[in-house]
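In what follows, a single structure is set out as structure tokens and then discussed.
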Amino acid sequence: MKNKTFCICIIILLFTSIANAQNKKDGLYMPTIALKTNALYWATTTPNIGLEVGLSEKTTLDISGNYNPWEFSDNRQIKHWLIQPEFRYWLCERFNGHFFGVHAHYAEYNVGGIKMLGFKDYRYQGNLYGGGISYGYQWILSNRWSLEATVGVGYAHLDYKKYECKECGSQLKDDTKNYWGPTKAGLSIIYILK
């Protein structure tokens with residue numbers, strides 16, 4: 001885990017240095033680095049943070065991470081961590097207006113006892129990986145604040161173990177599943193750092 005964190009930090013520093021050289025367009029300031037959080041994930045009790053770095057006038061790299069460690073009453077849980085990097089192409093200029101993206105994702109999860117997700121009687125534990133495409137729009141609210149909406153579709157491969165009950169049951173199945181459908185949804189609040 002430490003090696004992954006170190007590599008991610010090196011990549012972010014590399015892109016930050018590239019973006020610093022490209023933060024002006026025709027003598028005007030263009031945002032370079034932004035911090036963000038997705039309100040839709042917070043609605044599922046999942047703390048999250050994202051960092052987006054400008055690569056050129058019309059491209060950015062967005063890296064978001066989510067972590068949900070909570071277990072609720074009756075052993076209900078949607079424990080997981082997820083990382084989702086995305087390369088974005090902006091139709092106008094970076095951090096403003098319409099964009100299209102290509103994203104990847106990796107997660108580890110432990111989910112059970114959630115009726116609305118179909119996990120009421122069983123617990124699933126495993127990991128997933130995949131990728132997809134997305135579309136979004138960003139509204140500039142002020143010099144430092146923006147709002148972003150995004151949706152994405154794609155593929156995820158899930159490796160999982162299925163257990164009899166939410167907490168203590170024996171393992172019923174060790175299996176995989178391929179999923180095609182929505183892979184990303186966001187309504188994010190953004191703070192421009194630089």
Next item on the list: Return a whole-number percent for the relative contact order of the range 85-194, with Cα pairs under 8 Å and 6 or more residues apart as the contact set.
Entry: 23 percent
Notebook entry, point to check: In a Debye calculation with equal point scatterers on the alpha-carbon sites of the range 35-108 and no solvent, what is log10 I(q)/I(0) at q = 0.28 Å⁻¹?
Noted result: -1.24
Check: Of 78, 140, which has the most accessible area and how do the rest follow, probe 1.4 Å?
Finding: 140, 78
Check: Do the alpha carbons of any pairs in 36/162; 79/161; 79/120; 79/173; 115/184 sit beyond 25 Å of each other, and which pairs?
Finding: 36/162
Next item on the list: Could you work out how far apart the two model spin labels at residue 70 and residue 106 are, taking each label as a point 7 Å from the Cα in the direction of the beta carbon, and quote it in nm?
Entry: 2.7 nm
Check: Of 182, 73, 139, which is farthest on the positive side of the dipole of the range 69-194, counting Cα position, with +1 on Lys and Arg Cβ, -1 on Asp and Glu Cβ, and the Cα centre as origin?
Finding: 139
Checklist line | Peptides 89-95, 30-36 ordered by average Cβ neighbours within 10 Å, highest first | finding: 30-36, 89-95
Margin query: Under 5 Å between amide hydrogens, which residues at least 5 positions from residue 194 or on another chain qualify, with H placed 1.01 Å from N in the peptide plane?
Written below: 32, 33
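Taking all protein chains in place and a 1.4 Å probe, what share, in percent, of the accessible surface of the range 118-167 do carbon and sulfur account for?
Carbon plus sulfur share of accessible area: 56 percent.
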Check: Which length gain, in nm to one decimal place, applies between residue 116 and residue 142 when the Cα-Cα distance is subtracted from 0.36 nm times their residue separation?
Finding: 5.5 nm
Check: Taking the inverse of the average 1/r across all pairs of different Cα atoms in the range 133-194, what Kirkwood radius in Å do you get?
Finding: 15.0 Å
Notebook entry, point to check: Which whole-number value in Å³ per residue fits the convex hull of the alpha carbons of the range 54-194?
Noted result: 113 Å³
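The values are calculated or read from the model by the stated rules, or taken from the named source; none is laboratory data. This structure is a prediction, so every number in the text was calculated from the model and none was measured. Cβ atoms come from the backbone with ideal geometry, glycine included; neighbour counts cover every protein chain shown. What goes into the accessible areas is simple: the full protein's heavy atoms, side chains included, and nothing from ligands, DNA or RNA. Shrake-Rupley method; radii C 1.70, N 1.55, O 1.52, S 1.80 Å.
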